[in-house]
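Remarks on the structure that follows.
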Amino acid sequence: MKISHIFMKLMLSPCHVVIDSGTESVVFGAWVNLKEGEKDIRTIISNKNTGCDPSSDRYGYTLYINAWQTNDLKIYLEWGGGSSGCHKLSSGSKIALNTWTHIGFVLTPIR
């Protein structure tokens, strides 16, 4: 069994990222095993609507693999706040196919 690990940590300036009420930060982890031929965005977890306008239904976060209409195998963390619905961070490295990979992120708003 092949195993790898990718983790993102992000400190956010004051913004309107929606996390569970009463929580200071969000920590998330998952094991994924991407098969060959899986194209386009593969959402892992999300609490926001898609799109980039700054409306309140785009406040929140989304963790996914593959940019829109691609098979780039990178991990993306996208979040929305008051000025934009799609700030984005990419893993830079690709996920290996047919390999269990532990991915995760920490969102910590700066107060």
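The values are calculated or read from the model by the stated rules, or taken from the named source; none is laboratory data. Only a predicted model underlies this, so the values are computations on that prediction, with no experimental measurement involved. Cβ: placed from backbone, ideal geometry, glycine included. Neighbour counts: every protein chain shown.
In this entry, LEU63 is excluded by the filter for residues that are hydrophobic (A, V, I, L, M, F, W, C), at positive phi and either modelled with pLDDT of 85 or more or touching a helix residue (DSSP H, G or I) at 6+ places or on another chain (Cβ under 7 Å) (or both).
Within segment 89-103, the set of residues being of a type outside the set (S, T, N, Q) and at positive phi comprises just one member, GLY92.
Each residue in segment 40-67 was checked for being surrounded by 12 or more Cβ atoms within 10 Å (Cβ to Cβ) and either among the aliphatic types (A, V, I, L, M) or assigned to a loop (DSSP other than H, G, I, E, B) (or both), and 16 pass.
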